[in-house]
Amino acid sequence: MNTRQTALLVIDMQNDYCHPDGVFARAGLRVTGLDDLVGHVNTLTAAARSAGRPVIWVRMEWAQDAEVGLLAERSPFLRASGLRRGTWGGELLAGLDRALGDHEITKPRFDAFHRTELDGLVRDLDVGTLVVAGVRTDFCVESTVRAAFFRDLRAIVAREAVAGYIEDLHLGSLRLMGTVFAEVVPVADAADALARTPGER
């Protein structure tokens, strides 16, 4: 029985990734139903806070162009702009329910555990299960869920609280994560998981 606590992990809900004026949208990669997505994420933050669970916000950012690495070749629009430290594009969306006491992690690559303090944070918080929300389903969300699985952390993906740019890739990623890497459940079930006492089924 898992008696460690559950935390909410929200990935890359940033202006450049999500906002219609962000760098990804300008490159033709748009999140549809953004207001609904934000609402679902906020449903999860409310559930987490009502039960005293940790809320962890993850942002992807680079201080210099050279830090983008190979991704600058695969996504050339990121070579000189987008997700840069200290810019509007790197900030979290304005409508998200953030609060003092929330945790924040910045990452240089898709996987939120790679070269970040996330692994240490979840262990310090005695987290055994992560409820995961955010973007992009088939890139950053899936990469992080896989990394959690490799660390023997349970992952619950809130279906309506994740989004991608290409529907078949988004749906395919949900199916793949739901094989062994995570439970993929409706937002209401994910909220219930945040509200449960650790070890409760």
Only unsatisfied item for PHE24, checking (1) of a type outside the set (A, V, I, L, M); (2) open to solvent by less than 30 Å² (accessible area, probe 1.4 Å); (3) touching a Leu at 6+ places or on another chain (Cβ under 8 Å), is (3)
Which ones in region 171-185 are in contact (Cβ under 8 Å) with a residue 12 or more places away in the chain and more than 16 Å from the chain's Cα centre (by Cα)? GLY172, LEU176, GLY178, VAL180
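Matching residues to (1) open to solvent by less than 30 Å² (accessible area, probe 1.4 Å); (2) within 25 Å of ARG74 (Cβ to Cβ); (3) modelled with pLDDT of 95 or more:
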residue	(1), (2), (3)
LYS107	yes, yes, yes
ASP111	no, yes, yes
GLU142	yes, yes, yes
ARG146	no, yes, yes
PHE150	no, yes, yes
ARG159	no, no, yes
Look at region 47-61 and say how many of its residues are under 18 Å from VAL187 (Cβ atoms) and either in contact with a strand residue (DSSP E or B) (Cβ under 6 Å, 6 or more places away or on another chain) or touching a residue at least 60 places away in the same chain (Cβ under 8 Å) (or both). 8
Of the candidates GLY82, GLY128, GLY95, the one satisfying the condition of being more than 19 Å from GLU183 (Cβ to Cβ) and surrounded by fewer than 19 Cβ atoms within 10 Å (Cβ to Cβ) is GLY95
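The values are calculated or read from the model by the stated rules, or taken from the named source; none is laboratory data. It should be emphasised that the depicted structure is a prediction, and the values quoted were computed from it without experimental measurement. Every residue, glycine as well, gets a Cβ built from its backbone with ideal geometry; the counts of neighbours run over all protein chains shown. Each accessible area value is taken on the protein alone, full model and side chains, heavy atoms only, with ligands, DNA and RNA left out. Shrake-Rupley method; radii C 1.70, N 1.55, O 1.52, S 1.80 Å.
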